[in-house]
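The values are calculated or read from the model by the stated rules, or taken from the named source; none is laboratory data. All figures in this text were calculated on a predicted structure; none of them were measured in a lab. Methodologically, a virtual Cβ is constructed for each residue, glycine included, from the backbone with ideal geometry; neighbour enumeration extends over all protein chains shown. Side chains are part of the model used for accessible areas, which takes the heavy atoms of the whole protein and leaves out ligands, DNA and RNA. Shrake-Rupley method; radii C 1.70, N 1.55, O 1.52, S 1.80 Å.
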Amino acid sequence: MTDDKDVLRDVWFGRIPTCFTLYQDEITEREAEPYYLLLPRVSYLTLVTDKVKKHFQKVMRQEDISEIWFEYEGTPLKWHYPIGLLFDLLASSSALPWNITVHFKSFPEKDLLHCPSKDAIEAHFMSCMKEADALKHKSQVINEMQKKDHKQLWMGLQNDRFDQFWAINRKLMEYPAEENGFRYIPFRIYQTTTERPFIQKLFRPVAADGQLHTLGDLLKEVCPSAVAPEDGERKNQVMIHGIEPMLETPLQWLSEHLSYPDNFLHISIIPQPTD
């Protein structure tokens, strides 16, 4: 893995200033003040909002509280998507802070998975990591790890410990010297303009002639609508971690440096904002 540790650090410590407001129809005993928080892009909403939950429960009666869920401008927020992905996909062109509405009633069963405990988040996270390693190394790396290594990856994410997480995760980012990259690149491409949750296909980082595939190559093959026609203007932004990487960037480098902790590249295709 090329050593661009600053990039890994910048990605890990990316934060989104957020204002949580209780939904107006929730029953409270006194007025609920908004709650402000810097959300870590690489984490999950249900993992980092215990303080938000406690803050609003203080002004509510126990019988008015059921499972917490979050919504932005009418869209329920999927807790199993990383926070940075949710923001890029739904709110990247809006002003900060990100305004999220908090609900304790009327859970939207059709739109969201239940999150009964932190164990549910851990199970989802580890299953994504295993899927990513199946694509990258035929599962050899993750299967050779001990249970305590898996736990260290999870605890590193849960407790926001960069060094603890990367001490193990770097093994998942290595590949044999004779190969120029992973077997396949773990990626998911999301668009707000389609009903399909995401696009995911097998795609190699290196072409048959030994050339490194780029982000542009990936998009042309699996999501051509995201790339501007030769003569036309770009209708979309391609975003990872709140930035628009150059389409000439090698996919292997992106996978090593801009993947989320679950080892996937989560790529948002969003309409170009109109000023």
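Per-structure values
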{"item": "Restricting segment 157-180 to residues that are free of Cβ contacts under 8 Å to residues at least 24 places away in the same chain and over 24 Å from L215 (Cα atoms), the residue that is surrounded by the most Cβ atoms within 10 Å (Cβ to Cβ)", "result": "I168"}
{"item": "Criterion (farther than 18 Å from E131 by Cα and assigned to a helix (DSSP H, G or I)) met by exactly one of D209, D217", "result": "D217"}
{"item": "Subset of segment 112-144 (residues that are over 30 Å from T49 (Cα atoms) and either touching a helix residue (DSSP H, G or I) at 6+ places or on another chain (Cβ under 9 Å) or basic (K, R) (or both))", "result": "A134, K136, H137, K138, S139, Q140, V141, N143, E144"}
{"item": "One residue from R196, R234 being outside the structural domain of Q146 (by the TED database), farther than 25 Å from R9 by Cα and under 19 Å from the mean Cα position of the chain (by Cα)", "result": "R196"}
{"item": "Residue match in segment 198-205 (condition: of a type in the set (F, W, Y), surrounded by fewer than 18 Cβ atoms within 10 Å (Cβ to Cβ), free of Cβ contacts under 8 Å to residues at least 40 places away in the same chain and in a loop (DSSP other than H, G, I, E, B))", "result": "yes"}
{"item": "Matching residues in segment 81-108 - criterion: being more than 22 Å from F56 (Cα to Cα) and over 17 Å from the mean Cα position of the chain (by Cα)", "result": "S93, S94, A95"}
{"item": "Qualifying positions in segment 1-10 - in contact (Cβ under 8 Å) with a residue 24 or more places away in the chain, outside any loop (DSSP other than H, G, I, E, B) and open to solvent by 20 Å² or more (accessible area, probe 1.4 Å)", "result": "V7, R9"}
{"item": "All strands (runs of 3 or more DSSP E) inside segment 21-139 with 3 or more residues being open to solvent by 20 Å² or more (accessible area, probe 1.4 Å)", "result": "35-40"}
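Here's the yes/no breakdown for (1) among the hydrophobic types (A, V, I, L, M, F, W, C); (2) touching a residue at least 24 places away in the same chain (Cβ under 8 Å); (3) open to solvent by less than 20 Å² (accessible area, probe 1.4 Å):
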position: F182; (1), (2), (3): yes, yes, yes
position: I185; (1), (2), (3): yes, yes, yes
position: T194; (1), (2), (3): no, no, no
position: Q211; (1), (2), (3): no, no, no
position: K220; (1), (2), (3): no, no, no
position: P250; (1), (2), (3): no, yes, no
position: N263; (1), (2), (3): no, yes, yes
position: I269; (1), (2), (3): yes, yes, yes
